[in-house]
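What follows is a set of notes on a single structure, which appears directly below.
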Amino acid sequence: TVTAAYGPTAGGPLSFAAMSTRMGAPAEPVGQIATWAARSGVTTSQSVAGSGADEGITCAAAEATPSIPAGSFCVWTGSGMRGQSFSVEIPVEDAMALTAELRAGTTTTQAPSA
């Protein structure tokens, strides 16, 4: 499992966070988003499933809370990997495209041999 968070500067605010793993998903995509929203105390929009190059990615807009900025939360699967991403102040369509780029990068990287 790999997690990372990115911002415009090292000490600046978060703009993108991501997790990828080979572990199985705890629920189907909409259920994963609902669980994250309940755990985070965030209200989300209706989930949107990707198609074409974005197939296997499901995203929902997330409203801001005192501790979490507004943005889009996505879950994805592909080539034995799955993951989650949160994009700050980015609409669902753009978050889906950004998540597709992340997924493409993680699924083309081979895990080290044991």
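Go over the candidates 49, 4 one by one and state the one that is more than 14 Å from residue 85 (Cα to Cα), open to solvent by less than 80 Å² (accessible area, probe 1.4 Å) and hydrophobic (A, V, I, L, M, F, W, C). Of 49, 4, the one residue that is more than 14 Å from residue 85 (Cα to Cα), open to solvent by less than 80 Å² (accessible area, probe 1.4 Å) and hydrophobic (A, V, I, L, M, F, W, C) is 49.
Okay, residues lined up against (1) over 20 Å from residue 104 (Cβ atoms); (2) out of contact with any Leu (no Cβ under 8 Å at 6 or more places or on another chain); (3) surrounded by fewer than 20 Cβ atoms within 10 Å (Cβ to Cβ):
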{"position": "19", "(1), (2), (3)": "no, yes, yes"}
{"position": "29", "(1), (2), (3)": "no, yes, no"}
{"position": "57", "(1), (2), (3)": "no, yes, no"}
{"position": "71", "(1), (2), (3)": "yes, yes, no"}
{"position": "75", "(1), (2), (3)": "no, yes, no"}
{"position": "92", "(1), (2), (3)": "no, yes, no"}
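For the stretch 64-86, the criterion of being over 23 Å from residue 2 (Cβ atoms), at pLDDT 95 or above and within 13 Å of the chain's Cα centre (by Cα) is met by no residue. With respect to the conditions (1) small (Gly, Ala, Ser); (2) in a helix (DSSP H, G or I); (3) touching an Asp or Glu at 6+ places or on another chain (Cβ under 8 Å), residue 95 lacks only one, and its number is (3). In the set 5, 60, only one residue is modelled with pLDDT under 95 and either closer than 21 Å to residue 89 by Cβ or over 15 Å from the mean Cα position of the chain (by Cα) (or both); that residue is 5.
Tell me, which residue of the stretch 77-90 that is touching a Ser or Thr at 6+ places or on another chain (Cβ under 6 Å) and open to solvent by 40 Å² or more (accessible area, probe 1.4 Å) is nearest to residue 19 (Cα to Cα)? Full working, then the answer.
The initial filter retains those residues of the stretch 77-90 that are touching a Ser or Thr at 6+ places or on another chain (Cβ under 6 Å), namely 78-79, 81, 83, 85, 87-88, 90.
Those left that are additionally open to solvent by 40 Å² or more (accessible area, probe 1.4 Å): 79, 90.
On the way: 79: 15, 90: 18 Å.
Of everything passing the filter in the stretch 77-90, 79 is nearest to residue 19 (Cα to Cα).
Scoring residue 100 on the criteria (1) of a type in the set (Gly, Ala, Ser); (2) farther than 20 Å from residue 3 by Cα; (3) open to solvent by less than 50 Å² (accessible area, probe 1.4 Å) leaves a single failure, condition (2).
Listed here are the strands (runs of 3 or more DSSP E) enclosed by the stretch 1-92 that have at least 3 residues being free of Cβ contacts under 8 Å to residues at least 60 places away in the same chain and within 16 Å of residue 103 (Cβ to Cβ): 2-6, 57-62, 71-78.
With respect to the stated conditions, residue 35 fails to be within 11 Å of the chain's Cα centre (by Cα) and of a type outside the set (Asp, Glu).
The values are calculated or read from the model by the stated rules, or taken from the named source; none is laboratory data. Keep in mind it's a predicted model, so treat the numbers as computed, not measured. When we count neighbours, we look across all protein chains shown, and the Cβ atoms used for this are built from the backbone with ideal geometry, even at glycine. To get the accessible areas, we keep the full protein, side chains included, count just its heavy atoms, and leave off ligands, DNA and RNA. Shrake-Rupley method; radii C 1.70, N 1.55, O 1.52, S 1.80 Å.
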